[in-house]
Each structure stands twice: as structure tokens, then as C-alpha cells.
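Below is one structure; the comments refer to it alone.
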Amino acid sequence: MANWITVASADHAAVGVALGFIQVNHGKSAPLRRIRPGDLVAIYSPVQVYGSRDGLQSFTALGRVKPGDPYQGQMGPGFTPFRRDVAWWSARPVRIGALRERLSFTAGKTNWGAPFRFGLLRVEDEDMAVIGAAMDCAAYFSA
């Protein structure tokens, strides 16, 4: 089992949470093939609204990937992004500023946002545990 952080605006993340899926890198299939059923996935939202500069900088969703392969969904004329189904948990958003010094991939780094630039980041169990506890989701990790 692996742990992943994906990057999406909070408004886009909310659509995926409501409908039970995740998309990565604007619907590309290759990153989703790295994620496997049973993996944990958190969404980091740098902004609330896609295209804005509102500086949300928060973890906004956390869940476990469901069985099945990536598939294409319909989001509009000509846009059929790849998705994976996820069982999302009830989670409270948490600003990364409160966790930065406790996460191995951001602690002590002035350019702490750099790991997020590719849209998908594999993280250690300890990092996901810190995120999950802060989001009030730690109890789900054994589910």
C-alpha cells in the first residue's frame, strides 16, 4: 500500500469527493496507473477556486482508492478525463502551514511547495499519518 498526495483546487476536489473519484494532472491516465486499489490519497489544494490566487494552501480531502482500474469519465464536450474511484472520508480541511515542519517533504525547506509541482507526490506512511490526524481521519487508516 502506498500514500499519495494529488494537487487540485478545492472546488475541483469537491466535485471528485461528491462523485467518488479522483483525477490527476487534468485527467491524464499515466499518473493514475501508479496509484493502486487500497492506496491512501490526500488532495492538496493550493487555491479554493481553479485559476485564482487565493492562497488556500490546504489539504482538503482524504480517502482510500477503491478496487478497479482507471477509466474515462465525461466532463463536457470532448473532455473525457481518466479517473479512479475513491472512498472519501469525512475530513476537515487543514492548512499546510500548520504541518509543514512535521512533514518530511516540506520540513526546513524554503521552497516547500516544489514537491507539488508535478501534481502527484508519493509520501511516507508517517507523513500521511500526520495529515490524516490533522484532518480527523486517523481512525479510517485501518479500515
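The values are calculated or read from the model by the stated rules, or taken from the named source; none is laboratory data. Since this is a predicted model, take the numbers as computed values, not measurements. Neighbour counts are summed over all protein chains in view; Cβ atoms, including those assigned to glycine, are modelled from backbone coordinates with ideal geometry. For accessibility, only protein heavy atoms count, side chains too; no ligands or nucleic acids. Shrake-Rupley method; radii C 1.70, N 1.55, O 1.52, S 1.80 Å.
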Is it the case that segment 133-140 has a residue that's at pLDDT below 95, open to solvent by less than 90 Å² (accessible area, probe 1.4 Å), in contact with a Leu (Cβ under 9 Å, 6 or more places away or on another chain) and not in a loop (DSSP other than H, G, I, E, B)? yes
Across (1) over 22 Å from ALA139 (Cβ atoms); (2) in contact with an Asp or Glu (Cβ under 9 Å, 6 or more places away or on another chain); (3) not charged (D, E, K, R), VAL15 clears everything bar (2)
For ILE96, the lone unmet condition from (1) aliphatic (A, V, I, L, M); (2) closer than 16 Å to THR6 by Cβ; (3) at pLDDT below 95 is (3)
Any residue in segment 48-67 that is without any contact (Cβ under 8 Å) to a residue 60 or more places away in the chain, of a type in the set (Ser, Thr, Tyr) and more than 15 Å from VAL15 (Cα to Cα)? yes
Residue check for TYR50: more than 13 Å from the chain's Cα centre (by Cα), assigned to a helix (DSSP H, G or I) and among the aromatic types (Phe, Trp, Tyr): no
Let me spell it out: the conditions are (1) out of contact with any helix residue (DSSP H, G or I) (no Cβ under 6 Å at 6 or more places or on another chain); (2) open to solvent by less than 80 Å² (accessible area, probe 1.4 Å); (3) within 20 Å of GLY16 (Cβ to Cβ), and PRO70 meets all of them except one. Which number is the exception? (1)
I'm told ILE43 meets every condition in (1) more than 20 Å from GLY97 (Cα to Cα); (2) not in a loop (DSSP other than H, G, I, E, B) except one. Can you identify the failing condition by its number? (1)
Checklist (1) surrounded by 18 or more Cβ atoms within 10 Å (Cβ to Cβ); (2) over 13 Å from the mean Cα position of the chain (by Cα) applied to GLN23, failing item: (2)
Within 20 Å of MET128 (Cα to Cα) and either assigned to a helix (DSSP H, G or I) or in contact (Cβ under 8 Å) with a residue 40 or more places away in the chain (or both), is that true of PRO37? no
How many of the residues making up segment 30-47 are among the small types (Gly, Ala, Ser) and open to solvent by 30 Å² or more (accessible area, probe 1.4 Å)? 1
